[in-house]
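The values are calculated or read from the model by the stated rules, or taken from the named source; none is laboratory data. What you see is a predicted model, and the numbers here were worked out from it, not measured in a lab. A quick note on method: Cβ atoms are made from the backbone with ideal geometry, for glycine too, and the neighbour counts reach across all protein chains shown. All accessible areas refer to the heavy atoms of the entire protein, side chains included, with ligands and DNA or RNA removed. Shrake-Rupley method; radii C 1.70, N 1.55, O 1.52, S 1.80 Å.
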Amino acid sequence: MALFQIGNGQITIQVDSMGAELKSMKKTGMETEYMWNADPRFWKRTSPVLFPLVGALHNGEYKCEGKTFSMGQHGFARDMEFTLKSQTNKEIWFSLKSNKETLEKYPYEFLLEIGYELDESTLIVKWKVKNPSDKVLHFSIGGHPAFRCPIAEDAKQGDYRLRFDAKEKITAGILEDGLMSNRKVDYELENGYMWIDKNLFDNDALVIEDDQAHEVALVKPDGSHYLTVRFNAPLFGVWSPPGKNAPFVCIEPWYGRCDDVDYAGTWEERKWGQQLPAGESFETSYSIEI
């Protein structure tokens, strides 16, 4: 486990080789930290990658190739040591390859590469999934970055807002014990804005599917946007721990999600799952601007 730092004169980031996890993001020369500090009283992580699973499985198990496997929430990559692949002042890459340990709980060969590129005041988070085998690779992948909110020490989270690149409403799925229920809630927006009130996350994460938005900003009480996440993912989550008044909000681009509460299908049939043919690569990214 090692901590790596890169900077481009405008922003500086730190990434841990454990999980290739983004741990710090600051404006160069400034003390303000934009990432959550992983205080275990609230949540012990900062920005884990979710692979090869986003969310939880029904009964913690899945059926694949005629066998039953167990896997914890959000997969295993976040808890594995990645190898440094390359590093410059503006870009750094890490890699993780399937091995005997992963094949026991996930019967697919893979190569996962995670990159961080600095572009002025924007960080681009890049994912590459490669299939080195001769069969289709079924997987999910997602981000879980946690951002300080409030960003000012003397502010209250309830005075902050989210702004979506949607005008009228956002429809979110409701989770039950970490699985997707049949219930949905419509959140009316005020010209794209939603208040972060104390009850917003009472039902866990807001799961927002079907390309409803591709940009989410955190907004200070004075109306200024201090951080914006942009993505092409077809669904995403917005989360803070229920009932904890935790001083952070996660904005999570996803290519996959948890099982439905009554799911009885196979791994290959899961909603929003990705299918990668033999020898092919899946590449995507999202960005964080401060």
Could you count how many residues in the stretch 76-106 are touching a residue at least 40 places away in the same chain (Cβ under 8 Å) and either touching a Phe, Trp or Tyr at 6+ places or on another chain (Cβ under 9 Å) or surrounded by fewer than 15 Cβ atoms within 10 Å (Cβ to Cβ) (or both)?
16
Any pair with Cβ under 7 angstrom, 6 or more apart, that starts in the stretch 32-46 at a residue that is at negative phi and ends at one that is among the acidic types (Asp, Glu) and open to solvent by less than 40 Å² (accessible area, probe 1.4 Å)
Thr46/Glu21
List the strands (runs of 3 or more DSSP E) inside the stretch 118-177, counting only whole elements, that have at least 1 residues being surrounded by 20 or more Cβ atoms within 10 Å (Cβ to Cβ), among the β-branched types (Val, Ile, Thr) and touching a strand residue (DSSP E or B) at 6+ places or on another chain (Cβ under 6 Å).
122-130, 141-143, 169-176
Count, please, the residues in the stretch 10-43 that happen to be under 18 Å from Ile290 (Cβ atoms), part of a loop (DSSP other than H, G, I, E, B) and either of a type in the set (Ser, Thr, Tyr) or open to solvent by 60 Å² or more (accessible area, probe 1.4 Å) (or both).
8
Do you know which residues across the stretch 196-212 are surrounded by fewer than 16 Cβ atoms within 10 Å (Cβ to Cβ) and modelled with pLDDT of 95 or more?
Asp210, Asp211
Determine if the stretch 176-186 includes at least one residue that is aliphatic (A, V, I, L, M), in contact (Cβ under 8 Å) with a residue 12 or more places away in the chain and over 26 Å from Val49 (Cβ atoms).
yes
